[in-house]
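In what follows, a structure is listed as structure tokens, so that the remarks can point back to it.
Taken together, the values in this text are just the output of simple stated rules run on the coordinates, not laboratory data. Given the structure is predicted, the values throughout are model-derived calculations rather than measurements. Heads up, the Cβs are rebuilt from the backbone with ideal geometry, glycines too, and the neighbour counts pull from every protein chain shown.
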Amino acid sequence: MLLFKKAKDLGIHLELQRKKGEKFGFVPTMGALHKGHISLINNSKKLDDLSVSSIFVNPVQFNDPADFEKYPVTLEKDIALLEAAGCDVLFVPSVSEMYPNGTNIKFHYDLGYLETIMEGQYRPGHFQGVCKVVHRLLEIVKPDNLYLGQKDYQQCMVIKKLIELIGMKELIHLNISPTVRDAGGLAMSSRNMRLDENERIKARAIYQALQAIKDQLQKGELATIKNLAVNILVEKGFKVDYVEIAGAGNLQIAEKWDGKQNLVALAAVYLNKVRLIDNILVNGN
Ligand code: AMP
């Protein structure tokens with residue numbers, strides 16, 4: 001695996017490969033890698049000639065400075081995991097490499113409704129920061145395939161919109177991989193490293209609450225099953241930011257179900273000081 005720290009050097013290397021006709025897959029990450037991230041690399045290995053990944057803890061997407069400071073960093077282990085998975089190229093830029101004009105430059109991506117709900121509502125500015133970094137990474141790497149995880153459902157929709165906004169829709173194919181979970185159902189997340197053993201066991205309740213929505217789904221009003229999931233979480237001691245049921249294709253919050261529409265149930269909770277998110281499709285694929 002080749003490791004690049006400078007965007008220019010990476011660009012030159014990738015351009016040479018592109019001239020040979022190679023197709024690239026790209027897996028952007030913030031490091032502290034786990035099996036969820038590696039599943040994206042595995043998918044790229046199946047489809048692409050060259051698998052490129054990046055590790056960059058993007059300061060501009062953290063609305064909470066304490067969350068940024070405590071974000072786990074495990075670079076040596078990450079490199080070993082990526083090598084073992086057969087990743088070809090890793091980009092590990094510094095903040096100044098990603099933001100040569102500084103991080104305070106004003107920018108705005110018109111994400112519309114998507115930015116007003118759930119993660120957009122509870123983490124103001126978060127998706128603008130995500131778009132900023134993904135835009136820059138896509139311009140550097142110019143991948144044919146971009147791999148994202150369903151774990152961050154709303155982020156997948158935001159990045160799909162970003163790709164349209166920056167005119168790369170015809171160039172980049174978006175691949176969304178299913179959420180990888182541990183044996184107890186907890187969605188793998190870098191933030192799980194901040195949980196102790198008991199907290200990890202407790203955190204299984206997030207998936208259980210979402211499963212309860214799936215099990216209880218019936219035509220008509222959805223408020224009761226949403227409350228059921230909230231209660232499961234509150235009783236276990238979580239602070240709930242939201243539990244929502246939304247259209248799987250557009251994330252419009254659903255108050256009722258017509259028995260046909262594909263829905264996704266999403267939750268964001270705090271377990272002590274650690275914020276965790278998860279989602280499941282409650283019907284259809
Ligand atoms: P992150 O490092 O958290 O920014 O995540 C990098 C990519 O890995 C994103 O596309 C995530 O959605 C994806 N990802 C994170 N956790 C999982 C998981 N448990 N299963 C599948 N993909 C994941």
Output the relative contact order of the chain, whole-number percent, from Cα pairs under 8 angstrom with separation of 6+ residues.
17 percent
Can you list the residues, at least 5 places off or on another chain, whose amide H is less than 5 Å from the amide H of G149, using H built in the peptide plane?
S177
Kindly list the residues of segment 233-268 that lie in the label zone of L174, defined by a backbone N under 15 Å from the point 7 Å along the Cα-to-C-beta vector.
247-252
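What is the extension gain from E22 to Q211, computed as 0.36 nm multiplied by their sequence separation minus the C-alpha to C-alpha distance, in nm to one decimal?
Length gained, E22 through Q211: 63.9 nm.
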Value in Å of the Kirkwood radius, where the chain supplies the Cα pairs that are averaged
19.8 Å
Here, I201 and L3, labelled 7 Å along Cα→Cβ, have an inter-label distance in nm of 3.7 nm
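How large is the charge dipole for segment 158-285, taken about the Cα centre, if only the Cβ atoms of Lys, Arg (+1) and Asp, Glu (-1) carry charge, to the nearest 20 debye?
Dipole size: approximately 140 debye.
Considering only DSSP beta bridges where both residues belong to the chain, give the percentage that are antiparallel (nearest 5).
Beta bridges within the chain, antiparallel portion: roughly 50 percent.
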Residue by residue through segment 47-54, which ³J(HN,Hα) values in whole Hz follow from phi under the Karplus form 6.51 cos²θ - 1.76 cosθ + 1.60 (θ = phi - 60°), with glycine and proline marked x?
9, 10, 6, 9, 9, 10, 10, 9
Among M157, M1, which comes first, then next, by fewest other beta-carbon atoms within 10 Å?
M1, M157
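Based solely on its DSSP helices, what 222 nm [θ] is calculated for the chain when runs of n ≥ 4 H residues each add -39,500 (n - 2.57) and the sum is averaged over all residues, nearest 500 deg cm²/dmol?
Roughly -11500 deg cm²/dmol at 222 nm, from the helical runs in the chain.
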Using Cα-Cα distances under 8 Å and only pairs 6 or more residues apart, what relative contact order does segment 118-198 have, in percent?
28 percent
Could you give me the ³J(HN,Hα) list for segment 84-99, computed from phi with Karplus coefficients 6.51, -1.76, 1.60 and θ = phi - 60°, whole Hz, x at Gly and Pro?
5, 7, x, 4, 8, 9, 10, 10, 10, x, 8, 4, 5, 5, 6, 10
Amide H neighbours of R181 under 5 Å, counting only residues 5+ apart in sequence or on other chains, H built in-plane at 1.01 Å?
M188
Along the Cα-to-Cβ line of S96, 7 Å from the Cα, sits a label point; which residues in segment 36-71 have backbone N less than 17 Å from it?
59
Run the dipole for segment 235-285 about the Cα centre, Lys and Arg Cβ at +1, Asp and Glu Cβ at -1, nothing else charged, and hand back the magnitude in debye, nearest 20.
160 debye
What FRET efficiency comes out for T116 versus Q261 if R0 is 30 angstrom and r is the Cβ-Cβ distance? Round to the nearest 0.05.
0.90
For M168, M188, ascending order of other Cβ atoms within 10 Å (fewest first) is M168, M188
Charges at C-beta only: +1 for Lys and Arg, -1 for Asp and Glu. How large is the resulting dipole of the chain about its Cα centre, in Debye rounded to 20?
100 debye
Search the structure for amide H atoms under 5 Å from the amide H of F91, placed 1.01 Å from N in the peptide plane, and list their residues when 5 or more places away or on another chain.
F4, S53, S54, I55
In terms of the charge dipole of the chain, which places +1 on Lys and Arg and -1 on Asp and Glu at the beta carbon, the residue among I41, F62, N227 farthest towards the positive end is I41
Number of Lys pairs (Cα under 12 Å; 8 or more positions apart or on different chains) in segment 137-253
5
Arrange C131, C156 by Cβ neighbour counts within 10 Å, fewest through most, would you?
C156, C131
